[in-house]
Amino acid sequence: NGSVEKGDFMTVENKSFSRLTDRWRICQNCRIGRWAFKHVFGRGSLPADIVFVGEGPGVSEDVIGSPFVGESGQLLDLAIARTKLEGRYFITNLVACRPCDKEGGPNRAPTDREVENCSDRLQETIRIVNPKVVICLGKVPEKHLAEVKWLKRYRTYFMYHPAYILRQGGAKSPLFRQFVNQLRRAFRNAKDI
Ligand code: URA
């Protein structure tokens, strides 16, 4: 059915998405584009009912070239599995390159300018995925996307970032259970729309 198995970081072949990645993988509109080992565009099904939007790639994502492949990603995959609902989803980030202040420096949140420079890429990605539901993970995507006009065509949810849930105790925490319940509602909604 074109969906991606858990733990599989591949993205289903899609011509429009290949064109997008061909165009954006050479982007150096920000310094972080020059420093990136890999520009990170997304993983999952194309099209999909649900898009997750995270903050930006971390070290693992920069190396592998796929979003949410580190500890946060494992928790996200586990939460999706725990919903026990079939749903095609796609995962991307506000920015395609790992935000940092110098080459090889520690991760930080993307700046307003970096988010702005990457917003056409994000908008085009979501247009290609053509979802019913968009799930923003954490405060940073919420800050940048809550008032964005083009996003209002989709039912949008704002949820915890998996990294925050990890800091609060991870898969055994009440927050994780809450997150799974919210996801289940969003997945059900995507089916009903
Ligand atoms: N955190 C994010 O916000 N995005 C990733 O891709 C990985 C961790």
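Just so you know, all these numbers are worked out from the coordinates, no wet-lab data involved. Since the model is a prediction, treat every value here as computed from it, not as a measurement. When we count neighbours, we look across all protein chains shown, and the Cβ atoms used for this are built from the backbone with ideal geometry, even at glycine.
Tyr160 passes every criterion in (1) touching a strand residue (DSSP E or B) at 6+ places or on another chain (Cβ under 8 Å); (2) closer than 18 Å to Val40 by Cα; (3) not small (Gly, Ala, Ser) apart from (2). The residues of segment 130-151 that are within 16 Å of the ligand (Cβ to nearest atom) and either farther than 15 Å from Phe52 by Cβ or out of contact with any Cys (no Cβ under 7 Å at 6 or more places or on another chain) (or both), listed by number, are Val134, Ile135, Cys136, Leu137, Gly138, Lys139, Val140, Pro141, Lys143, His144.
Scanning segment 35-70 for residues that are near the ligand (Cβ under 9 Å from one of its atoms), farther than 25 Å from Asp112 by Cβ and in contact (Cβ under 8 Å) with a residue 60 or more places away in the chain turns up just one, Val69. Restricting attention to segment 158-179, which residues are within 20 Å of Gly87 (Cβ to Cβ), out of contact with any Leu (no Cβ under 7 Å at 6 or more places or on another chain) and surrounded by fewer than 19 Cβ atoms within 10 Å (Cβ to Cβ)? Selection gives Phe158, Arg177, Gln178.
Would you mind stating whether Ile32 is more than 13 Å from the ligand (Cβ to nearest atom), under 16 Å from the mean Cα position of the chain (by Cα) and in contact (Cβ under 8 Å) with a residue 60 or more places away in the chain? Here the answer is no, as Ile32 does not meet what is asked.
The residue that is surrounded by the fewest Cβ atoms within 10 Å (Cβ to Cβ), among those in segment 128-149 that are under 19 Å from Asn189 (Cα atoms) and in contact with a helix residue (DSSP H, G or I) (Cβ under 9 Å, 6 or more places away or on another chain), is Lys132. Summed over segment 179-193, residues that are polar (S, T, N, Q) and in contact (Cβ under 8 Å) with a residue 12 or more places away in the chain total 2. Checked against (1) buried (at least 19 other Cβ atoms within 10 Å of the Cβ); (2) within 12 Å of the ligand (Cβ to nearest atom); (3) not in a helix (DSSP H, G or I), Ala109 passes all but condition (1).
Look at segment 71-99: where a residue is more than 9 Å from the ligand (Cβ to nearest atom) and a partner is assigned to a loop (DSSP other than H, G, I, E, B) and of a type in the set (Lys, Arg), sitting 6+ places away or on another chain with Cβ atoms under 7 Å, you get Asp77/Lys6; Ala81/Lys6; Pro99/Arg108. Restricting attention to segment 92-109, the residues being under 15 Å from the mean Cα position of the chain (by Cα) and farther than 14 Å from His39 by Cα number 1.
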